Amino acid sequence: MTLRLETDGATAHLLIDRADKRNAFNQAMWLMLPGLVAQAVADPAVRVIVLRAAGDGAFCAGADIGEMMANRDNAEWLAANQAAINAAQYELTRAAKPTIAFIDGDCIGGGCGLALACDIRVATPRARLGITPAKLGLVYPLHDTKLLIDLVGPGQARRILYTGALLDAAEALRIGLVEQLGADAEDLIATIAGNSSFCASGTKQFVRRVLDGQTDDDADTLATFAAAFSGADFHEGASAFLAKRKPQF
């Protein structure tokens, strides 16, 4: 299977497994992604979702350009493909649980879009990131362009998109395209999984609202803030703090 979900304790691994095509996403994979994300979100044991390659090759070389070329004159297929990509990116971006992209190897084009849709990006030293529609005569989707601008600002976004250059991991970290360098993401995963899931989901919701343009509280955000004080996580967290012990959420 080219895309699958494997759960290990509190971590759901969303594995990209199409090594013969450098993990390029075809239409079937874009269509599968929202359901797998929903499955991970619905599992009460899962606290963190990690998107990664199943093997040692590329993280993801992008959308399957060969498939696109084969269907370039099929307007119905192209529209369905665009809808599938948009839906997959939207659902991944707004998954209710924390998401991490673990990037080892090339992360290019639509693959970079998948990483952008996650909350946090961890890159190994051999990672390379780039967005290359300028070299293909294409235009990057608006949703993904906004995700890029949210991370690196409009100037760096233009540089990345206009040049189609591949950035090494150190450069990606310097400009804010990734948040952490390392050979693995296990410490980060364990830290997030060990903290309050109520806080994580609420924080993710608030950050997304801010990035989508909201600047003031509304009834929903006020209710989320107030509800925390009567929740089980606050009771456990405050009790642990007073008792000088580690909380067990």
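Rule-based calculations on the coordinates, nothing more; no lab input. Computed from a prediction, not measured in an experiment: that's the story for all the values here. Backbone-built Cβ (ideal geometry, glycine too); neighbour counts: all protein chains shown.
Descriptive notes on the structure:
- Coil-residue trypsin sites (Lys or Arg not before Pro) of the stretch 46-88, DSSP, other Cβ within 10 Å capped at 12: R72
- Separation of the alpha carbons by more than 27 angstrom is noted, of K135/K204; K21/K135; K21/K204, for K135/K204; K21/K204.
- Size-normalised alpha-carbon gyration radius of the stretch 1-80, reference 2.2 N^0.38 Å: 1.23
- Average Cα contact separation per residue, the stretch 86-217, under 8 Å, 6 or more apart, as relative contact order %: 27
- The value for the stretch 142-249 of Rg(Cα) / (2.2 N^0.38 Å) is 1.42.
- Taking one quarter of the surface of the C-alpha convex hull of the chain gives a mean projected area of 14.7 nm².
- The trypsin sites (Lys or Arg not before Pro) of the stretch 191-249 meeting both criteria, a DSSP state outside H, G, I, E and B (loop) and at most 14 other C-beta atoms within 10 angstrom of the site's C-beta, are K244, R245.
- Averaging the sequence gap over all C-alpha pairs within less than 8 Å and six or more residues apart, then dividing by the number of residues, gives the chain a relative contact order of 16 percent.
- The ranking of K21, K246 by Cβ neighbour count inside 10 Å, starting from the fewest, reads K246, K21.
- Structure-based [θ]222 nm, the chain - -39500 (n - 2.57) summed over DSSP H runs of at least 4, per residue, nearest 500: -15500 deg cm²/dmol
- Rg and Dmax of the stretch 196-243, based on Cα coordinates, read 12.5, 40 Å.
- Its Cα gyration tensor gives the stretch 102-142 an equivalent ellipsoid; the semi-axes, largest first and in whole Å, are 20, 13, 5.
- Gyration tensor over alpha-carbon atoms, the stretch 170-212, equivalent ellipsoid semi-axes in Å: 23, 18, 4
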